[in-house]
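What follows is a set of notes on a single structure, which appears directly below.
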Amino acid sequence: MTQRLTFPTAMLLTLPPMLWAGNAVVGRVVAPLVPPLALNFLRWGLAFLLLLPFAWRLLRATSPIWPRMRRYAVLGLLGVGCYNALQYMAVKTSTPINVTLVASSMPFFMLGLGALFFEHRITRRQVVGAALSIAGVLVVLCRGDAAHLAEVRFVPGDLLMLLATAAWSVYSWLLTRPGDPPEVRSDWAGFLMAQLVPGVAWSALFAAGEAAVTTQQTQWGWPLAAALAYVAIGPALLAYRCWGLGVQRVGPNIAGFFSNLTPLFAALFSAAFLGEPPRLFHALAFALIVAGIVISSRR
């Protein structure tokens with residue numbers, strides 16, 4: 001049963017978008033250094049090794065995850081194998097503004113999938129909240145000038161991001177379904193490890209297929225090592241833990257609105273890297289997105 005949105009839970013759900021915004025920036029920076037599916041595999045392989053000291057007991061033959069591996073195989077496919085792999089592929093062929101625009105459809109995916117397949121009733125407040133949240137994203141995308149939206153052109157990479165958004169929405173709803181043994185659900189490291197076991201396997205399979213058809217070679221060095229350390233510790237381990245806990249508390253329909261903070265953080269990070277100070281439209285976008293969160297989460 002979901003709970004009312006509290007300040008601690010709001011902070012839990014705010015941290016992942018901030019880390020994921022950094023993930024998009026890093027993925028763009030290292031694109032010339034490593035193929036996208038290889039980057040996804042290296043990221044989650046490193047995350048698996050970092051998590052191993054905390055959850056190695058779940059790998060024993062008597063572990064409760066093995067009888068439920070079908071569930072974790074699906075979670076690992078959607079959350080580990082597909083979402084970030086598709087995102088890394090999208091930034092290779094699309095522009096950051098297009099990818100952000102497509103990803104801003106997350107609340108509508110959450111509400112629509114919940115109504116169609118998870119017996120969730122859409123409320124008027126959630127529709128209004130979704131509209132306000134999307135408005136905040138559009139303010140960021142057009143940089144305070146609506147005329148800039150007419151310059152957006154969609155490319156095949158946008159379809160990949162649309163698939164990624166759908167995969168993440170299904171993943172978030174599946175997190176709320178019963179089926180996890182108590183010793184796994186109550187242990188964050190164990191719950192993530194249960195997903196990583198099949199997730200890393202999916203990622204390796206996809207990376208192997210990529211290696212068979214691409215000519216791009218991985219360029220090893222300190223820049224790539226630093227990038228892998230960040231994406232494995234922050235956007236992977238820490239963000240997934242906070243997101244999973246937040247979704248379990250308030251449900252995917254409310255948590256989905258927090259994902260629209262990602263383009264705002266991405267804009268701020270880009271401004272910081274480019275030496276440009278935040279502008280007034282960033283504050284307006286933040287106000288609209290937060291208003292959407294507050295309205296949609298009220299009971």
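Some observations on this one:
- Residue among Leu162, Leu192, Leu224 that alone is within 17 Å of the chain's Cα centre (by Cα) and farther than 18 Å from Leu86 by Cβ: Leu192
- Helices (runs of 4 or more DSSP H) fully within region 1-85 counting 3 or more residues that are crowded, with 22+ Cβ neighbours inside 10 Å, touching a helix residue (DSSP H, G or I) at 6+ places or on another chain (Cβ under 8 Å) and of a type in the set (A, V, I, L, M, F, W, C): 7-29, 36-55
- From the list Leu58, Leu75, Leu49, the lone residue that is under 12 Å from Val197 (Cα atoms) and without any contact (Cβ under 8 Å) to a residue 40 or more places away in the chain is Leu49.
- Options Gly221, Gly199, Gly209, Gly190; residue that is touching a residue at least 40 places away in the same chain (Cβ under 8 Å), closer than 15 Å to Pro64 by Cβ and either exposed (fewer than 13 other Cβ atoms within 10 Å of the Cβ) or not polar (S, T, N, Q) (or both): Gly190
- Some residue of region 159-166 being surrounded by 21 or more Cβ atoms within 10 Å (Cβ to Cβ) and within 17 Å of Arg43 (Cβ to Cβ): yes
- Any hit, region 124-139, residues being at pLDDT below 70, of a type outside the set (Phe, Trp, Tyr) and either within 15 Å of Gly251 (Cα to Cα) or in contact with a helix residue (DSSP H, G or I) (Cβ under 9 Å, 6 or more places away or on another chain) (or both): yes
Every residue, every condition in (1) in a helix (DSSP H, G or I); (2) touching a Gly at 6+ places or on another chain (Cβ under 8 Å), yes or no:
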| position | (1), (2) |
| --- | --- |
| Thr165 | yes, no |
| Asp180 | no, no |
| Val200 | yes, yes |
| Pro223 | yes, no |
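The values are calculated or read from the model by the stated rules, or taken from the named source; none is laboratory data. Because the structure is a prediction, the values reported are computed rather than measured. Quick reminder, even Gly has a Cβ in these numbers, built from the backbone with ideal geometry, and neighbours come from all protein chains shown.
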